[in-house]
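Read the figures in this text as sums done on the coordinates, not as results from a lab. Everything numeric here is computed off the predicted structure, so don't read it as measured data. No Cβ is skipped: glycine too gets one built from the backbone with ideal geometry, and neighbour counts run over all protein chains shown.
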Amino acid sequence: MQITYSPAYTIVPTYECFNHCSYCNFRVNPGADKWMTIDRATEILTDLQDTGICEILILSGEVHPHSSRRQAWIDRIYDLCNLALNLGFLPHTNAGPLSLIEMEKLAQVNVSMGLMLESLDPALLEGVHRHAPSKLPAIRLEQLNWAGELKIPFTTGLLLGIGESETDWEESLRSIANIQIKWGHIQEVILQPYSPGSQESFAGLGFDITKLPEVIQLARQILPTDITIQIPPNLIPNSDLLLACLTAGARDLGGIVPKDEVNPDYHHLQLSELTALLANSGWDLCPRLPVYPDQEHYLSKSLLERLHKHKSSNQRRSEGTHGLW
C-alpha cells in the first residue's frame, strides 16, 4: 500500500513573531531577525535545482497585523513564492492567519497553503496561548473557511499534548470535517504530537506518543475520506509505533526536509532508511506534489501551467515509480 511524502525544502522569510506560544522552538522577538533576502533565496533555490526537491515550504513567523511592516512582509513572501515558481519549484505557504486580501494575493503564487487549527479548547488561551493573539480558535476557523471560499488547496491539523482535553480532539476534527463538507478544499490534516525542544519555555512533558494511533483512528472515523491524514515521522520515536500509525490510517509523512524548522531538535531519517523500513512491512513510500490530484482543478490557469511544466520536467526522474508526479 502506498504512503506518500513531499520532497521539500523550507525557506523562512523571518523567524520573528508577535505571538509567544510557550511551546515554540521557532520564533524570535520582533525586530531581532533579518528577513530572508531575494538574493539569498535565489542562491539557495538555484543550488536545489535538479536535486529532486519539488515543494518549497514558505514557513514564516508572523508580523503583527497592525505593524507598519506588515505589507512589506506579505510582499516578501509573495516575491519568494514567485521566485520559487520561476525556478521550477512548487510553493506552499504557512505564515499564520492572513486577511482575506492577503490570502487572495498569496494564492496567486502558491499551489497550496496551510494553517494549523491546533485546538479549539478555550482553556489554552489561559495557558500556552496566553500571549498568542492569533491563536484564537475563531480566527483560525475563519481562515479555513476563507481558504475554501478562495478555492485554495489547504492543509490544517491538530497539535496534540499542549494542554487540550482529549474531548477537544473530537470537537476540532468535527469542525474540520464540517468545513470540508462545505468547501472540499482540505487536502491533509496533520496530527502533530507536541515534542519538547531546547528553546521553549513550556514545562509540559509532551504528548503521550503511544496514543497517536488512537487519535489517528478517531480522525479517520470523523474526517471525510478525501482528507489524507499526515504524521511527522521525525516526531515518532520508534519504527514499531510509526508502522502502527500507518496501520491506524495515516497515509502521508509530510515534507521530508533537511531541517524541521518547527522542531529543530528532531531530525528526519535518511529517505533511504525510511523507504527500507516501510518496504519491509509492505508499504511503498512514494513522492507526491504539494497539491493533490483531486485539488488541481482549483488552481488558476497560470499555476496549472507551472504544475504541468513541473510534471513534464520530472517525468524522467519519476520513471519506474508509482508516485504522484
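A few remarks follow.
- Net charge over other residues, Cβ less than 9 angstrom from the Cβ of Glu16 (K, R count +1; D, E count -1): -1
- Simple point charges give the picture: +1 on the Cβ of Lys and Arg, -1 on the Cβ of Asp and Glu, and for the chain a dipole about the Cα centre of about 720 debye.
- Förster-model FRET efficiency, 22 Å R0, Ser313 and Leu241, C-beta, rounded to 0.05: 0.05
- Average 1/r across all pairs of distinct alpha carbons in the range 2-310, invert it, and you get the Kirkwood radius: 19.6 Å.
- Percent RCO, i.e. relative contact order, over the chain, from Cα pairs under 8 Å lying at least 6 residues apart: 22
- A straight line joining the Cα centroids of the range 128-206 and the range 260-275 runs 22 Å.
- Paramagnetic label reach from Asp33 (point 7 Å along Cα→Cβ; backbone nitrogen cut-off under 18 Å): within the range 231-258, residues 258.
- For the chain, adding -39500 (n - 2.57) for each run of n ≥ 4 DSSP H residues and dividing by the number of residues yields -10500 deg cm²/dmol at 222 nm.
- Across the range 31-123, Cα pairs under 8 Å and at least six residues apart give a relative contact order of 29 percent.
- When the charge dipole of the chain is built from unit charges on Cβ atoms (+1 for Lys and Arg, -1 for Asp and Glu) and taken about the Cα centre, the candidate among Ile231, Ile58, Leu241 whose Cα reaches farthest toward its positive end is Ile58.
- Length added when fully stretched, Asp75-Gln199, from 0.36 nm per residue minus Cα-Cα: 41.7 nm
- Estimated FRET transfer efficiency (Thr42, Ser302; beta-carbon r; R0 22 Å; 0.05): 0.60
- Residues with amide H under 5 Å from that of Glu16, placed H, sequence gap 5 or more: Val28, Gly61
- Considering only beta bridges that DSSP places wholly inside the chain, some 0 percent are antiparallel.
- Summary: within the chain, the longest segment free of trypsin sites (Lys or Arg not before Pro) located in DSSP loops with at most 10 other C-beta atoms within 10 Å is 35-315.
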